[in-house]
Amino acid sequence: MIYTGKSTVYNKHPSRFWCRDLEAFRKFRTKLHFFSTSVSVFHLPRMFSWFPLDDLYQQYIGKVKHAIFHAQKAGRRRVVVATEENVIASLDLRRGELFWRHVLGENDSVDQIDIALGKYVITLSSGSILRTWNLPDGQMVWESFLQVSASSMSLFFVPASIEVGTDQQIFVSAGGCLHAVSSIDGEVIWKREFTDSLEIQKLFQTPYGDITAIGFSSSSQIDIYQLSAKNGDILVHKSASFPGGFSREASFVSGDVFVTLDATRYILVLVNLNGGEIRFHQTHISDLAEGYSGTAAILPQKFTGMFALELDSLIMLMKVESGRDLEIIEKIPHPASISDSLFLANGQQAFAMVKHEETNNILKESINLDSQRGSVQKVFLNNYVKTDKSHGFRALVVMEDHSLLLVQQGEIVWSREDGLASIIASTTSELPVEKGVSVAKVEHSIFEWIKGHLLKVKGTLMLANAEDLAAIQRMRLKSFEKTKMTRDHNGFRKLLVVLTRAGKVLALHTGDGRIVWSLLLSPLHSSDSCQHLIPVDIYQWQVPHHHAMDENPSVLVISRCGLHSDAPGVISIVDSYSGKVFSSSKLSHSVLQVMPLPLTDSTEQRLHIIIDDNKKAHLYPRTPESINIFRPELPNTYWYSVEAVKGAIKGYSFRGNCIDTDEDDYCFDTRELWSIIFPSDSEKITGATTRKYNEVRFIIVHIQNMLFVATVSPRAAGNIGSATPEEAYLVVYLIDAVTGRIIHRVTHLGAQGPIHAVVSENWVVYHYFNLRAHKYEMSVVEVNDQSRQDNKSIWKLLLGKHNLTSPVSAFSQPEVTVKSQSYFFTHSVKTMAVTSTAKGITSKQLLIGTIGDQVLALDKRYLDPRRTPDPSPSEREEGIIPLTDSLPIIPQSYVTHSLQVEGLRGIATMPAKLESTSLVFAYGVDLFFTRVAPSRTYDSLTEDFSYALLLITIVVLVASIFVTWALSEKKELEEKWR
Amino acid sequence: MFSSAFQSDELIQDDEEFGLEGGRIPDREISTPVRAAPRVKTSGDVSSPTDAKSVQITLEHAFGDSDFSPAGIFTARLKSSNHGGQTLTKLRFKRDALTDLEKKAFERILRNDDFYTIRLPSNVLNPPGREYVISSVRARCLPRESLDEHFVINMEGVNILSVTYGSTRMCQYPRLLEYPTKWVFNSRTVLKSGELAQRRPTFAEEVLAAESAEGEGVKPPEKSFWAKYWMYLIPLGLIVMNAITQAMNLPEEPAAGQTASQTQQQGAQRAPSAATRRR
């Protein structure tokens, strides 16, 4: 969803509202929302004018896994969905916009959702948390934590007869227990524990009001319980065992007939519970599908009198006649998706089936899909009454790239690109240079420009009326400049190329967040017998700027063909401007690590080394030229690997070409140079991080490749609080990644992870929990090189007598001084990053993704180990802040303002062309893009700067000079005449 | 590598320098590094106390891609501390002399600018422990007159975390090919164990209370009166001076009035003359 126009207005709050508490703030926001639509718009501009208007904020929900339509006669039509990103959301069926949304915790996955009483949404998540939400506004009504000992399949059942106002019960099966929960306040009324780990498959209410639970209690036994709805007493208990065992997946054909598979998945078992007895009917799969020898699976969709059986290449729809006879209705070839069935008024049932070939179904609608969306993964069907009183259907379709479509009358009514909720990697690309601008266009834009500036001048001089103010505001919001597909002077406009978990590459324009192009990777490799294409990472492949200006930049997408890390890799090179695939190939080796080298060939293609799981290095691109470039650098190239499971860090150098493989010039053997072995009984690696490979640095230290590694005591490897302060400790290492030298090693007693760290220039900042102080802490370590200390004299620098440019071998071990300091920090941290600017001169800010899904910018000056409680005047001159116990959190320094980047996972920073400015891209379920200027924009005027006013002032001044000159001449003449 | 984590036998570092921000104080028992000449007696002749145990650690080396072969022996005493931990002390090192074959191999890696690799067991009690710890250096960094080498062994109890091996001096790049005059190792060894992070004492509340929105904690030192108010004092002085001069001029005002009337007279005199001229 792209926020435009009106919505953007209320995102830009002046930070003075920050001080108020959040609730009041929210109210204000909603109020404002309503106001902005109806009441005059012209109040807003002045209120919000001083906020940056270039932020990009988009809200997503992720891949939908459950959907419930709300079929209300009047009012807004909506669908409630639960997604794999643990989001519960209510969407407008007409436009696909969000009514409300809740992002549950990371480990709080939704098992089931339902709508009860027409206005409550009931969700069951992480197997034991039952919540009720108000459907119109998404407010939580109640939440109930069920006491569950073991996690297992859980489900709930809402009796259909439930009425508003009466205290009815919701029955929840979780962890081998059956709970009856009050629908009014979520209190557990009764709880029934079953013996021998019963896994309930179905709950339903008999016409007499009793509750029937059917489930498997062991691998070969079926149990049926009938319980009293009032107090949970067991009225009837029947069980039967089947010698072949069960696969524990069942599909209910009717209330007393269900089908399951035996443990080998070769035999279909029809279970008939009719008449108080449990009877089994077995059918071999090979009898149903002739010549089929593989295993089968039962699809979990709910039908009446039917079930769906999934074989390797097809889905079979089967009808059950008189409780025992099977009849094949339809065989559908893969890939296809089937929805749950819907009951229609006259006893018919309907279900949606989507497939990618022709069908002779009764009601057939064909839609044209974008080929970049892949195949259909899930379908949810909803019906409505057409104007001619017949049944109409609409279907919610979940695609392979996790996008969501609503299909009605053979058309896509709306679509949501929800794959963007699961970005795993991102990179940026410059936009094309503007060339060949027509005169008419220039004239037009100049006219626009003059008009805009005149308006601005009016605004500044308080001459503007309400209409003009509205026009100014509109101009700012959808600035024509912002959305251009060309490079801008300041380098603020870029293409964000992101890779999602679904294996889709998308290019987003940073101006308005629109999708410029998208590319699904899996169709490229369907012929390579690549079953599971797992996307891994994305890199800049070609960044033309000197030699190859006419070529488009391109990105390198690395993926893996299989679930394991030793599966062969796949690389694709994609044009950044058009999304066209230049080349895509399955590699003969696996991908363990990718190293972009600081070398490019004549077409500005960056050389990459891919390390496979045999510790062999492969050079890409595979051209003779790249070999010639790389060979001289071969002896000076090193790499390291952090083996967290083994507790070792190892450094390697390159040797020569691979010996055992047949004549591959692009394959190199590697040799172990150094190793650090952590004692497994006392230390466990929890985190390792290093500088970004493309960081531009201003401070140069001898140790070029600083590696930060943190280890904790094995007992304290769990969550905070899992260990006592006495047994928890955190050891932090700074390692020179070339020689393996430990530069710094320090132990924090009583500290525990999770550890977040960021390495930049000559410092590292890390965040952890101090168990003794019960607070989070942040520490900074700065490494300074003694060998270049005598360069301090400015005269030496001027006369060129410094040794900054002389090459030094990494193998000399100069003395380094290490300074560190720790501070308390209020927030728990999700992720950390640091700003990066074009030349690295501007001071840095740490960008901290807080637990509240916001991004906080913290000046690096607060994390300076030279801070003392009472700095000397000369230190103050340098900008050293007096030492405080904890780091300040300044409300104005949230770069996300009042917005929340729900489910924040990562923050990427990239330099703009302006030295003062750094671009920030924060992603999670939501996306947020903005630019920050850690030292203010000292090198540019603000966007609001009125050039016209400046020009007018100059003109007026010049004119007045002439006027006064003429006047004074005249006066002088008169004086002379006197 | 001489951060104050350890005490060198040559230079006793001053911890007060870091004391202010609570940098580091050596926590665990840290053994003194030993400058070991190639021919040093083994620990056999040292009368060991009852709680100390002598351990030997074999150093192995490899030339370029060759296999590892024994190159020397570290001898140390294992000391049990009160709280159950064990630390190594009194480390001594005996380097085996290079054989002719090894000299040739060394010359070869010098010519090829290849690596000289050493390794130590990762556990001193039951070598090689889980794995060996390895360290390498470009062979050309070692030769001076003799072969200068410098070991930094990072210990964690009885485990060797890592060993950093290299020359004591800077290694220039591009590395020049030079052969040592004496094929003898001049070894220096440092044992290093971890240090403890220590927070500086918690600040008084008033420091936090005085913190401004910008986070500037302590008040700036009091400026002198002149430094603070010069911009008011100078205009004030000027006004005062002005007033004084005016006050001094006051008595002369009649005189000034006289002069004024004189000029008027002159003007009056001149006016008729001008009129006459025009005529």
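The values are calculated or read from the model by the stated rules, or taken from the named source; none is laboratory data. Only a predicted model underlies this, so the values are computations on that prediction, with no experimental measurement involved. For neighbour counting, all protein chains shown are included, and Cβ atoms are generated from backbone atoms with ideal geometry for every residue, glycine included. SASA here: full protein model, heavy atoms, side chains in, ligands and nucleic acids out. Shrake-Rupley method; radii C 1.70, N 1.55, O 1.52, S 1.80 Å.
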Amide H of A:TRP541 versus every other amide H placed in the peptide plane: which residues, excluding those fewer than 5 positions away on the same chain, fall under 5 Å? A:SER554, A:VAL555, A:LEU556
Using the structure shown, select from A:LYS775/A:LYS860; A:LYS775/B:LYS79; A:LYS646/B:LYS192; A:LYS65/A:LYS319 the pairs with a Cα to Cα distance greater than 29 angstrom. A:LYS775/B:LYS79
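If you take the beta carbon distance between B:GLU131 and A:SER529 as r and set R0 to 41 Å, what does 1/(1 + (r/R0)^6) give as a FRET efficiency, to the nearest 0.05?
Details: r = 38 Å, r/R0 = 0.93.
Once rounded, the FRET efficiency stands at 0.60.
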How large, in percent, is the carbon and sulfur part of the accessible surface of the range A:104-241 at a probe radius of 1.4 Å? 46 percent
Buried accessible area for the A:B pair, summed, 1.4 Å probe, in Å² rounded to 100? 5200 Å²
Set Lys and Arg Cβ to +1 and Asp and Glu Cβ to -1, take the dipole of the range A:534-632 about its Cα centre, and tell me which of A:GLN605, A:SER626, A:SER576 lies farthest positive. A:SER626
Going by amide H atoms built from the backbone, whose H comes under 5 Å of the H on A:PHE393, apart from near neighbours? A:TYR384, A:GLN409
Using all Cα-Cα distances in the range A:247-334, what percent lands in each 5 angstrom bin from 0 up to the longest? 3, 15, 28, 29, 17, 6, 2, 0
Report ³J(HN,Hα) in whole Hz for each residue of the range B:157-162, in order, from the Karplus equation J = 6.51 cos²θ - 1.76 cosθ + 1.60 where θ = phi - 60°; Gly and Pro get x. x, 9, 9, 9, 6, 7
Over the range B:84-203, with a single point scatterer placed on each C-alpha, what log10 of the ratio I(q)/I(0) does the Debye formula yield at q = 0.10, 0.17, 0.22 1/Å? -0.39, -0.92, -1.28
Under the Karplus relation 6.51 cos²θ - 1.76 cosθ + 1.60, θ = phi - 60°, what is the ordered set of whole-Hz ³J(HN,Hα) values for the range A:859-876, x standing for Gly and Pro? 4, 5, 4, 6, 10, 10, x, 8, 5, 10, x, 9, x, 6, x, 5, 5, 4
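Taking every residue in A:738-749, how many Cβ atoms of other protein chains lie within 10 Å of its Cβ, on average?
Numbers: counts 0, 7, 8, 9, 10, 3, 4, 10, 8, 8, 4, 4.
The mean count of partner-chain Cβ atoms within 10 Å per residue comes to 6.
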For A:TYR947 paired with A:ARG514, estimate the spin-label separation in nm (one decimal), with each label point 7 Å from Cα along the Cα-to-Cβ line. 2.5 nm
Between A:TYR208 and A:ALA959, what is the label-point separation in nm under the 7 Å Cα-to-beta-carbon projection? 9.9 nm
List, by residue number, every residue in the range A:814-834 with a reduction of 30 Å² or greater in accessible area between the chain on its own and the complete protein assembly, 1.4 Å probe. A:GLU815, A:VAL818, A:LYS819, A:SER820, A:SER822
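Once fully extended, how much extra length lies between B:LEU236 and B:GLU145, figured as 0.36 nm per residue of separation less the alpha-carbon to alpha-carbon distance?
Extra length available between B:LEU236 and B:GLU145 comes to 25.1 nm.
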Nonlocal amide H pairs with A:ARG248, under 5 Å, H built at 1.01 Å: A:LEU261
From the backbone phi of the range A:215-230, what are the Karplus-calculated ³J(HN,Hα) couplings (6.51 cos²θ - 1.76 cosθ + 1.60, θ = phi - 60°) in whole Hz, Gly and Pro given as x? x, 9, 9, 9, 5, 9, 10, 10, 10, 10, 10, 10, 10, 6, 6, 6
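Roughly how big is the range A:104-241's charge dipole about its Cα centre, with Cβ charges of +1 (Lys, Arg) and -1 (Asp, Glu), in debye to the nearest 20? Don't jump to the answer; show the numbers that get you there.
Numbers: 7 positive and 16 negative charges, 63 e Å.
With only Lys, Arg, Asp and Glu charged at Cβ, the dipole is about 300 debye.
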Once you put a point 7 Å from the Cα of A:THR387 and another 7 Å from the Cα of A:LYS976, both along the Cβ direction, what distance in nm separates them? 9.0 nm
